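What follows is calculated from the coordinates using simple rules that are stated; it is not laboratory data. None of these values were measured; they are calculated from a predicted model. Here Cβ is always computed from backbone atoms with ideal geometry, including for glycine, and neighbour counts include all displayed protein chains.
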Amino acid sequence: GAVVSQHPSWVICKSGTSVKIECRSLDFQATTMFWYRQFPKQSLMLMATSNEGSKATYEQGVEKDKFLINHASLTLSTLTVTSAHPEDSSFYICSARTGGVQPQHFGDGTRLSIL
Amino acid sequence: RKEVEQDPGPFNVPEGATVAFNCTYSNSASQSFFWYRQDCRKEPKLLMSVYSSGNEDGRFTAQLNRASQYISLLIRDSKLSDSATYLCVVNVGGGANNLFFGTGTRLTVIP
């Protein structure tokens, strides 16, 4: 149980393109999902907390107009990297959990490469 | 001070060895604790939750010491497939944005 699916797994696109990443909880409802970014050989960095039916909560230093988050249903959250640039190239991972103190379950991650 | 601190390693051990990782956390009100495993260029996967009474899953044993605010992971009879980065994760409670990750400890098991 507790499967989280993330799509796409790999994106390569030109600078200036907007990229949408989907995160789905397949067998449970997630009122809260999380978006992380991980640069090579570094730890996961929380970007934002996505709340179903309300605005996302962004971490300090993360531009909300750059990284648009939509959590329209209990099983789907999307992250859109708008007008992506090479410095946005990273590994983006979503996660979800079934309850407050339960472990988080991660999606497969999306490797984003901006040329 | 970081919320969660881990020795980054790397730990290079021979097959069959026993290896232990420790992780310390700063918030005494932390509520739940986990060990995740992350393979290179992959997402973290839950290895095990850590309970106050300690818990064991096959070759893996996790311990929690609330008084000293640390958790540990012991791997017995290391396999080549255990090579990965092990992340210590602490949930401090009190809301959705409450999970803190260690930087991970890299383990390489050598044939």
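With a cut-off of 12 Å between beta carbons, the residues surrounding residue A:112 carry a summed charge of +1, where Lys and Arg count +1 and Asp and Glu -1.
A simple spin-label model places the labels of residue A:102 and residue B:22 3.4 nm from each other, with each point 7 Å out along Cα-to-Cβ. For region B:21-34, putting each phi into the Karplus relation 6.51 cos²θ - 1.76 cosθ + 1.60 with θ = phi - 60° gives couplings of 10, 10, 8, 10, 10, 9, 8, 5, 8, 4, 9, 9, 9, 9 Hz, in residue order, rounded to whole numbers and with x for Gly and Pro.
Taking every C-alpha pair closer than 8 Å and separated by at least 6 residues, the mean separation divided by the residue count of chain B gives a relative contact order of 37 percent.
If you plug the beta carbon distance of residue A:87 and residue A:7 into 1/(1 + (r/R0)^6) with R0 = 22 Å, you get a FRET efficiency near 0.40.
Between residue A:51 and residue A:113, what's the calculated FRET efficiency when r is the beta-carbon distance and R0 is 35 Å? Round to 0.05. After rounding, the FRET efficiency stands at 0.75. Relative to the Cα centre, the charge distribution of chain B, modelled as +1 at Lys and Arg Cβ and -1 at Asp and Glu Cβ, gives a dipole magnitude of about 160 debye.
Put in order of Cβ neighbour count within 10 Å, fewest first, the listed residues A:114, A:21 become A:114, A:21. Neighbours of residue A:46 by Cβ distance under 12 Å: Lys/Arg scored +1, Asp/Glu scored -1, total -1. Once you reduce region A:6-56 and region B:1-47 to the center of their Cα atoms, the two points are 23 Å from each other.
Enumerate by residue number the chymotrypsin sites (Phe, Trp or Tyr not before Pro) in region B:28-111 meeting two conditions: DSSP loop (anything except H, G, I, E, B), and at most 16 other Cβ atoms within 10 Å of the site's Cβ. Display every interim value, and only then the final one.
Details: sites: B:33, B:34, B:35, B:36, B:51, B:60, B:70, B:86, B:100, B:101; in loops: B:51.
Listed in order of number, the matching sites are B:51.
Could you line up A:57, A:110, A:49 from fewest to most neighbouring Cβ atoms inside 10 Å? Mind showing how you got there, number by number?
Working: A:57 18, A:110 24, A:49 21.
So the residues, fewest neighbours to most, are A:57, A:49, A:110.
For the protein assembly as shown, A:13, B:40 have no disulfide-compatible partner, since no other Cys C-beta lies under 4.7 Å from theirs.
Dipole of chain A, Cα-centred, from +1 at each Lys and Arg C-beta and -1 at each Asp and Glu C-beta, to the nearest 20 debye?
Values: 10 positive and 9 negative charges, 22 e Å.
Value, rounded to 20: 100 debye.
Counted by neighbouring Cβ atoms within 10 Å, the residues B:49, A:18 run from fewest to most as A:18, B:49. Across region A:82-111, the residues whose backbone nitrogen lies under 14 Å from the label position 7 Å along the beta-carbon direction of residue A:18 are A:82-85.
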